[in-house]
Amino acid sequence: MERRRYALDELINKRINEVLKGKQDAFEEIVILFQHRLYHVCYRMLNNKQEAEDIAQEAFVRAYINIHTFDQKRKFSTWIFRIATNLCIDRIRKKKPDYHLDAEVPGTEGLTMYSQIAAAGDLPEEQIEKMEAQERIRYEIGRLPDKYRSVIILRYFEELPLQEIGDILELPLGTVKTRVHRGREALRKQMGTM
Amino acid sequence: MNTCPEKIIDYMHAYLDEDIRPEEERELQEHLANCSECKEIMDGLEESISFLKSATQIKAPAGFVDGVIARLPKEKSQVGAQRFLRRHPLLSAAAMFLLLMSATLFSSYGNDQHFSVSKQPNLVVQGETVLVPAGETIKGDIVVKNGSLRIEGQVEGDVTVIHGSKFMASTAIVTGESEEIDKAFDWLWYKIKNTVKDIFPSSKEDEKQEK
Ligand SMILES: [Zn+2]
């Protein structure tokens, strides 16, 4: 596994160097390699196929434009996931009807007025119970407060180690741990009706 | 649950993150075996996780990659074009050829019928014949248009005769290149080469350094 990862990083750096020399074709291979993972993360973050496609594509475009700033000693996947998650978080913020609702409620890390109001307006239990599993996953992830949602997606859909999640979201390891714990706790409570 | 130590919850998460010390894990397992409330929480957490993990991997839609490529900015035109042309000299000449197919050039070939010559002081001009006298050295390139050139002496530079004739005596020395241009295509080619040299002076310098 470790050797495979090393070989992949090496291949990616080779392609990046070609892109830096002006070979646009080399970038296509990078897109092919990461398209599904990046799209999946965006889809889980935004819960919308059109937006996920738009944002994931935009992330690749930004990566291409800024490819000269990528430090090849680091992991490319971390870098491109950071670009994508930042774009997703921006998009989510812009979608919020009133940014005052985005203010955190004191003493509840990550819980905003918005998510509390959203939680209050949740679907009735019998309707939730009729959901198919995949639909239910979408629903539960969508109900998670933003701060927990991104760490939970990276942890359980991408199965990334905590340190890598911290690198992507530019958060200290301790904060990532706390958010994963609270995210799991929130999920457990949400899903009490299973 | 109120009676349970708070660290048990922390141990649960540490356990789920595979970040737990053996003695902590032992303590957690012992507690879970005796406390149904905490066991329920632990089961709930594990169920949520396995529920998430049952999510199908969602793939990017068809056409995703093409969509990215279409959205990439075109290469910065000037830098990109120069780099391209330098790497593909033949293509660049062909492109230039098309560019210069524009009417001006062809007409300039057809209409520009009068005699002309580059001006150097020791060139002898008799009617439409230009003479490089024996024993003289002409410095710089000589270009004769619509006339003839007779070289008996030395030319330190290129000699080009366009639409005319050239005679070299046995004593003639030309240090640069010597060529006669008669056909429209040759004329174009000559223009193209000079245009390319004007546009990419540095590439000419590269060549010089290589020699
Ligand atoms: Zn207990």
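The values are calculated or read from the model by the stated rules, or taken from the named source; none is laboratory data. The model shown is predicted, which means the values in this text are computed figures rather than measured ones. So basically every Cβ, Gly included, is an ideal-geometry build from the backbone, and we count neighbours across all protein chains shown.
A few remarks follow.
- Candidate set from region B:151-160 (those that are touching a Lys or Arg at 6+ places or on another chain (Cβ under 8 Å) and assigned to a strand (DSSP E or B)); member that is nearest to B:VAL132 (Cα to Cα): B:ILE151
- The number of residues in region A:42-51 being more than 13 Å from the chain's Cα centre (by Cα) and facing chain B (nearest Cβ under 9 Å) comes to 1.
- Any hit, region B:17-39, residues being hydroxyl-bearing (Ser, Thr, Tyr), under 32 Å from the mean Cα position of the chain (by Cα) and more than 9 Å from chain A (Cβ to nearest Cβ): no
- Residue within region B:68-75 that is within 14 Å of another protein chain (Cβ to nearest Cβ), at pLDDT below 85 and surrounded by 15 or more Cβ atoms within 10 Å (Cβ to Cβ) present: no
- Checklist (1) more than 12 Å from chain B (Cβ to nearest Cβ); (2) without any contact (Cβ under 8 Å) to a residue 24 or more places away in the chain; (3) not β-branched (Val, Ile, Thr) applied to A:GLU170, failing item: (2)
- Filter result (more than 9 Å from every other protein chain (Cβ to nearest Cβ) and surrounded by 14 or more Cβ atoms within 10 Å (Cβ to Cβ)) within region A:14-36: A:ARG15, A:ILE16, A:GLU18, A:VAL19, A:ALA26, A:GLU29, A:ILE30, A:LEU33, A:PHE34
- Count of region B:9-53 residues which are under 25 Å from A:ARG136 (Cβ atoms), within 15 Å of the ligand (Cβ to nearest atom) and charged (D, E, K, R): 3
- Selection of first residues in region A:52-81 that are touching a residue at least 40 places away in the same chain (Cβ under 8 Å) and within 14 Å of another protein chain (Cβ to nearest Cβ) and of second residues that are part of a helix (DSSP H, G or I) and aromatic (Phe, Trp, Tyr), restricted to Cβ pairs under 9 Å at least 6 apart or on distinct chains, gives the following pairs, ordered by first then second residue: A:TYR64/A:PHE27; A:ILE67/A:PHE27; A:ILE80/A:PHE34; A:ILE80/A:PHE60.
- Of all residues in region A:167-185, those satisfying the criterion of being over 16 Å from B:HIS13 (Cβ atoms) and either part of a helix (DSSP H, G or I) or of a type in the set (Gly, Ala, Ser) (or both) are A:ASP167, A:ILE168, A:LEU169.
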